[in-house]
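Peer 1: Got a structure for you, questions after.
The values are calculated or read from the model by the stated rules, or taken from the named source; none is laboratory data. Quantities reported herein were computed from a predicted structural model and do not represent experimental measurements. With ideal geometry, Cβ positions are generated from the backbone for all residues, glycine too; neighbour counts draw on all protein chains shown. All accessible areas refer to the heavy atoms of the entire protein, side chains included, with ligands and DNA or RNA removed. Shrake-Rupley method; radii C 1.70, N 1.55, O 1.52, S 1.80 Å.
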Amino acid sequence: MKKIVSLLTLALLIIACNEDIDDTTITIPEVTFNFTHHWDSTFINSTNLETETLTNANGEVITINRIRYLTSHFELTNLAGETYIFEGYKLTDLSDDATYNFTPVVNTIPSGTYNLKFVWGFNADDNTDGIYQDLNSESWNWPAMLGGGYHFLQFDGMYNVDTANPSPFNFHNGTARVSDGVFEDNFAVITFDAPITISNNTTIEIKMNIAELFKNPNTWDLNVLDTPLMPNYDAQKMMQQNILSVFSLGETTQ
Amino acid sequence: MKFWPLYSLLCVMLFNCDSKEDTPEDNYIPIPYQLEIPVLFQTKLIDPIIPLSNTLTIEGVALGKRLFFDNILSVNNTKACASCHLPQNAFTDPNQFSSGVTGIPGNRNSMPLFNLAWNFDDKYFWDGHALGLENQALEPVIDANELGNDSWEPIEAKLNNHDQYPLLFKQAFGTETITRQLVTKAIAQFERTLISGNSKFDQFSNGTVNLTTQEENGLAIFMDEERGDCFHCHGNPNNPLWTDNQFHNNGLDATFTDLGFGAVTGNPNDNGKFRSPSLRNLAYTAPYMHDGRFATLDDVINHYSTGLTNSSTIDPLMKKVNQGGVNLNPQDKADLKAFLLSLSDPSFINNPDFIQ
């Protein structure tokens, strides 16, 4: 909470600075996050999302129809251990390049060296059923019978497309149902070891390697786990493990 | 409701700009129309799309309603928008294919009209080819199979020579010169007032009524990835539009005579995709699908249960296509149907504001 306050103060400062007519303005860096998407070495965006034929770690040949995912709670922590939390969350839709960027409403931060951390999906506090109007309007909800809240990932496609019998898969991730009425949080905290130096307005590239969803530590066999996966506790937990190696830091540009 | 002050301000501003050309004593300021947004929509959904260039006024909405029901828009004064969009059918046509002035049926089923301002991508028709309701309304007037005019000019002339319309346009838009742009603006204003948010299920969401056990079971099937799995495309209790308004191929055909969305985007991956319809008001909107091929809800449920047809662009959410569908048992089918019918809103089709 304290940190949020400090971000707000910074924002106010900036506004105050901008209003200054003389040139004594100190620049306070603004941070933007830019997600890029890859299948190992193949770059993926809206133009080739549905046209690439890809092979997963288990050897199934797949095509993709849609990928949407939720990230939230972006945090930068400096060497002194001070953490700046950026409010807001981000629903990325791979069919819409305009959703790849995330500029938090308050995105200013003092110059320094930081480590980045964000939440895959929503953490327990944030994942409250039905409260986000924009996400409801995107039909991003996770069924109440599975614990409610929101999807973290919707990844739909076809596998065995190199055979006479292609089949659909629905790789959807969200709260895990242990048993009727008993649910387990299933978000993940994504951390990066590499420090980021911020001295100016900065765009931090976060690379998503989609192939990792099927790779590490669980080699995913779509022939066994294709659909339905939402009510499948083990599948949900395997996704939570695999997500940890999906993101890496790309270029930082200032 | 929140926009009220903004709208009023804008209306006043717009009017002031327009009226500079008129003599001051002719000035009539239209009264902003306060859209009655259901509380459920206010809490669950983002704001409806009302273009700043066409904010709602009492006079504009009333004029749009009159035009919607008036045969004057057709080439031979025999058909109106309402001929194919009947209020008692939630503004769609009970015929599989509607006939316009020629009597020759078209090739797509008419569409119900409600909650259009919550179609956030603002793409209309089954294939989404019209952007914005104002643009949509330009088409039926000059569609040979609908209102049958060769062009808009004769309609503009008919309206300009009418004994009442010029005054009504003056009151709504500050000018007596009637153009297609103003006609479609007025119609779009009326269409945006067609809000349906008072079904039994809405009342359940608002905590004022209970569902029957059968309806509750039906909801569970609708939301269950192992059974119906309808919610990925047709909304959920937190998205009371009961549609995603996106384009999907839900397994109707192996090959496509109507390319649908694909003909609009030019992308073969979009062939055979149509916009998901809302599941509100199904009790009044038969027949179903873009070509009205299913006469009853049972037919629709049987389609998803055992009737799916594979094709190159079928949506992977039609997960059980290799088994023909989600294979619901007779009890599940009956429950699902009961739930679907709880989304129908009798107060919508009986709303006196929407009836001529």
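Peer 1: log10 I(q)/I(0), Debye, Cα-only chain B, no solvent, q = 0.13 Å⁻¹?
Peer 2: Log-scaled intensity ratios, in q order: -1.06.
Peer 1: While we're looking at this one, here's another question. Rounded, prolate or oblate: which one fits the protein assembly as shown, using the alpha carbon gyration tensor with axes a ≥ b ≥ c (rounded when a/c is under 1.5, else prolate when a/b beats b/c, else oblate)? Don't skip to the answer; put the middle values down first.
Peer 2: On the way: a/c = 1.97, a/b = 1.27, b/c = 1.55.
Oblate, since a/c reaches 1.5 and b/c is not below a/b.
Peer 1: Still on this model: With θ set to phi - 60°, apply the Karplus curve 6.51 cos²θ - 1.76 cosθ + 1.60 along region B:89-95 and write out the HN-Hα couplings as whole Hz, x wherever there is a Gly or Pro.
Peer 2: Those phi angles translate into 10, 6, 6, 10, 10, x, 7 Hz.
Peer 1: For the interface of chains A and B, what total accessible area is buried with a 1.4 Å probe, rounded to the nearest 100 Å²?
Peer 2: Values: alone 11990 and 16120 Å², together 25740 Å².
Using a 1.4 Å probe on protein heavy atoms, the buried area is about 2400 Å².
Peer 1: Continuing with the same structure: Would you be so kind as to list the residues of region A:103-144 that have their accessible area lowered by at least 10 Å² in the full protein complex compared with their chain by itself (1.4 Å probe)?
Peer 2: A:Asp129, A:Gly130, A:Gln133, A:Asp134, A:Asn136, A:Ser137, A:Ser139, A:Asn141, A:Pro143
Peer 1: If you place +1 on the Cβ of every Lys and Arg, -1 on the Cβ of every Asp and Glu, and leave all else neutral, what size is the dipole of chain B about its Cα centre, to the nearest 20 Debye? Please report the intermediate quantities before stating the final value.
Peer 2: Working: 23 positive and 42 negative charges, 84 e Å.
Dipole of chain B, to the nearest 20 debye: 400 debye.
Peer 1: Determine the gain in length on full extension of the stretch A:Ser95-A:Ala144; use 0.36 nm per residue of separation and subtract their C-alpha separation, reporting nm with one decimal. List each step's numbers first, then the result.
Peer 2: Numbers: separation 49, 0.36 × 49 = 17.64 nm, distance 2.73 nm.
Here the segment from A:Ser95 to A:Ala144 would lengthen by 14.9 nm.
Peer 1: Which whole-angstrom value gives the distance between the alpha carbon centres of region B:43-72 and region A:119-157?
Peer 2: Cα centroid of region B:43-72 versus Cα centroid of region A:119-157: 33 Å apart.
Peer 1: Over region A:3-253, with every protein chain in place, what whole percent of the accessible area is carbon and sulfur at 1.4 Å, could you tell me? Before the final figure, lay out each step's value.
Peer 2: Details: 5090 of 10350 Å².
Of all accessible area on region A:3-253, carbon and sulfur atoms account for 49 percent.
Peer 1: Using the Kirkwood radius over C-alpha pairs as Rh, can you work out the diffusion coefficient of region A:3-253 via Stokes-Einstein at 10 °C, viscosity 1.306 mPa s, in µm² per second?
Peer 2: Numbers: Rh = 19.5 Å.
D = 82 µm²/s.
Peer 1: Within region B:26-70, which chymotrypsin sites (Phe, Trp or Tyr not before Pro) sit in a loop by DSSP and count at most 10 neighbouring Cβ atoms inside 10 Å?
Peer 2: Within region B:26-70, no chymotrypsin sites (Phe, Trp or Tyr not before Pro) qualify (loop, at most 10 other Cβ atoms within 10 Å).
Peer 1: May I ask which of A:Lys207/B:Lys273; A:Lys237/B:Lys319; B:Lys44/B:Lys200 have a Cα-Cα span longer than 20 Å here?
Peer 2: Details: A:Lys207/B:Lys273 31 Å; A:Lys237/B:Lys319 22 Å; B:Lys44/B:Lys200 17 Å.
Over 20 Å Cα-Cα: A:Lys207/B:Lys273; A:Lys237/B:Lys319.
Peer 1: Can you give the charge dipole size of region B:39-195 about its Cα centre, rounded to the nearest 20 debye, using +1 on the beta carbon of Lys and Arg and -1 on the beta carbon of Asp and Glu? Don't skip to the answer; put the middle values down first.
Peer 2: Values: 11 positive and 17 negative charges, 67 e Å.
Result for region B:39-195 is approximately 320 debye, rounded to the nearest 20.
Peer 1: Next question. Share of region B:200-345's accessible area from carbon and sulfur, percent, 1.4 Å? Each step should come with its number before you reach the end.
Peer 2: On the way: 2680 of 5340 Å².
Carbon and sulfur: 50 percent of the exposed surface of region B:200-345.
Peer 1: Report ³J(HN,Hα) in whole Hz for each residue of region A:90-102, in order, from the Karplus equation J = 6.51 cos²θ - 1.76 cosθ + 1.60 where θ = phi - 60°; Gly and Pro get x.
Peer 2: 9, 9, 9, 10, 5, 7, 10, 4, 5, 8, 6, 9, 10
Peer 1: Cα to Cα, under 23 Å, and not fewer than 8 places away if on the same chain: which lysines meet these conditions relative to B:Lys170?
Peer 2: B:Lys20, B:Lys65, B:Lys158, B:Lys185
Peer 1: If you don't mind, there's one more thing I want to ask. Which one of B:Gln88, B:Phe204, B:Asn351 is farthest out on the positive end of the charge dipole of chain B, using unit charges on Cβ (Lys, Arg +1; Asp, Glu -1) and the Cα centre as origin?
Peer 2: Positive-end residue among those listed: B:Phe204.
Peer 1: Compute the distance from the alpha-carbon center of region B:154-211 to that of region A:69-85, in whole Å.
Peer 2: Between the Cα centre of region B:154-211 and that of region A:69-85, the gap is 49 Å.
Peer 1: Averaged per residue, what accessible surface does the protein assembly as shown expose to a 1.4 Å probe, in Å²? Numbers along the way, then the final one.
Peer 2: Values: 25740 Å² over 610 residues.
Per-residue value: 42 Å².
Peer 1: Please list, in chain and number order, the residues 5+ apart from B:Thr313 or on another chain whose amide H is under 5 Å from its amide H, with Hs placed from the backbone.
Peer 2: none
Peer 1: Heavy atoms of the protein only, probe of 1.4 Å, neighbouring chains included. What is the accessible area of A:Ser41 in Å², nearest 10?
Peer 2: Rounded to the nearest 10, that gives 120 Å².
Peer 1: Something else about it: Would you mind getting me the FRET efficiency between A:Val105 and A:Thr219? Use the beta-carbon distance for r and R0 = 51 Å, nearest 0.05. Walk me through the numbers before you get to the answer.
Peer 2: Numbers: r = 40 Å, r/R0 = 0.79.
With a Förster radius of 51 Å, E is 0.80.
Peer 1: Would you jot down the residues in region B:199-224 that end up with at least 10 Å² less accessible area in the complete protein assembly than in the chain alone, with a 1.4 Å probe?
Peer 2: Going by heavy-atom accessible area, the residues of region B:199-224 that drop by at least 10 Å² are B:Ala220, B:Met223, B:Asp224.
Peer 1: About the Cα centre of region B:200-345, how large is the charge dipole given +1 on each Lys and Arg Cβ and -1 on each Asp and Glu Cβ? Please answer in debye to the nearest 20.
Peer 2: 140 debye
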